[in-house]
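The values are calculated or read from the model by the stated rules, or taken from the named source; none is laboratory data. Note that this is a predicted model, so its numbers are computed, not measured. So basically every Cβ, Gly included, is an ideal-geometry build from the backbone, and we count neighbours across all protein chains shown. To get the accessible areas, we keep the full protein, side chains included, count just its heavy atoms, and leave off ligands, DNA and RNA. Shrake-Rupley method; radii C 1.70, N 1.55, O 1.52, S 1.80 Å.
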Amino acid sequence: RVFLDRGWRVTATQRSPSPGLAGLGTSLRVETVDIDDDGSVASLRDRLAGERFGLIFVVAGVAAKGDDKGDDVAHTIPREEAARILLTNAVSPLRFAETFRPSLAEGGTLAFMSSILGSVARNEDGGMEIYRASKAALNTLVRSFAARHPGSSLLLLHPGWVETDMGGEGADIDVATSARGLAEVIEARLGRPGLAYLDYRGETLPW
């Protein structure tokens, strides 16, 4: 909604039917894709063949089931659950970015939804161990992506602690504040070469 209001032509993706997206009007193109399924991602690429994007914003995030009760502890979380989180939050976004990099317009930007929890330097209190590790892994993989593709415009973005289904009712900010801030940060950095790790206010975060 924020990007549409700013005059962007937007293609949004969903993993399953989303009434919220459906209600945003006919100017929004909505596609369905599962980022953990290479075939699904390839099918999306084929459906969007010929399109060029000034911004590709890769947003993928899952947390441990029941992590609000302290269940996300590295030595107790089931292995398959840890693998699921690491795959969705770190590996799949990079595979998606590599698949869609040719669809990026000249001077375009690739952005990834990270988290302040991905900052190793800021991890002084622990908690949400596998989720933290997955976002730190995403940050590391994007730095490797930047090394492979010098001159690319890349952003790792922390949306804040937001009142979403994942963030919960006790979060610091609402969705509108986060979305508006992210859009402003993206537009200010659009096309600028290099990699930046920023929050929704545009402040640089420590690795």
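The selection criterion, being touching a residue at least 12 places away in the same chain (Cβ under 8 Å) and either part of a loop (DSSP other than H, G, I, E, B) or not aromatic (Phe, Trp, Tyr) (or both), does not hold for Pro102.
Hey, does the range 128-141 have a residue that's closer than 21 Å to Val62 by Cβ, over 14 Å from the mean Cα position of the chain (by Cα) and in a loop (DSSP other than H, G, I, E, B)? Within the range 128-141, one or more residues are closer than 21 Å to Val62 by Cβ, over 14 Å from the mean Cα position of the chain (by Cα) and in a loop (DSSP other than H, G, I, E, B).
Annotation: Pro17 fulfils all but one of (1) modelled with pLDDT of 95 or more; (2) open to solvent by 40 Å² or more (accessible area, probe 1.4 Å); (3) assigned to a loop (DSSP other than H, G, I, E, B); the unmet one is (1).
Residues of the range 20-33 that are open to solvent by 70 Å² or more (accessible area, probe 1.4 Å) and of a type outside the set (S, T, N, Q): Ala22, Arg29. When the range 183-207 is filtered for residues that are without any contact (Cβ under 8 Å) to a residue 60 or more places away in the chain and buried (at least 16 other Cβ atoms within 10 Å of the Cβ), the ones remaining, listed by number, are Val185, Leu195, Ala196, Leu198, Tyr200. Of all residues in the range 137-173, exactly one satisfies the criterion of being modelled with pLDDT under 95, within 20 Å of Glu203 (Cα to Cα) and charged (D, E, K, R), namely Asp172. Among the residues of the range 116-167, the ones that are aromatic (Phe, Trp, Tyr) and open to solvent by less than 40 Å² (accessible area, probe 1.4 Å) come to 2 in all. The set of residues in the range 70-90 being open to solvent by 70 Å² or more (accessible area, probe 1.4 Å) and either touching a strand residue (DSSP E or B) at 6+ places or on another chain (Cβ under 6 Å) or in contact (Cβ under 8 Å) with a residue 24 or more places away in the chain (or both) consists of Leu87 alone.
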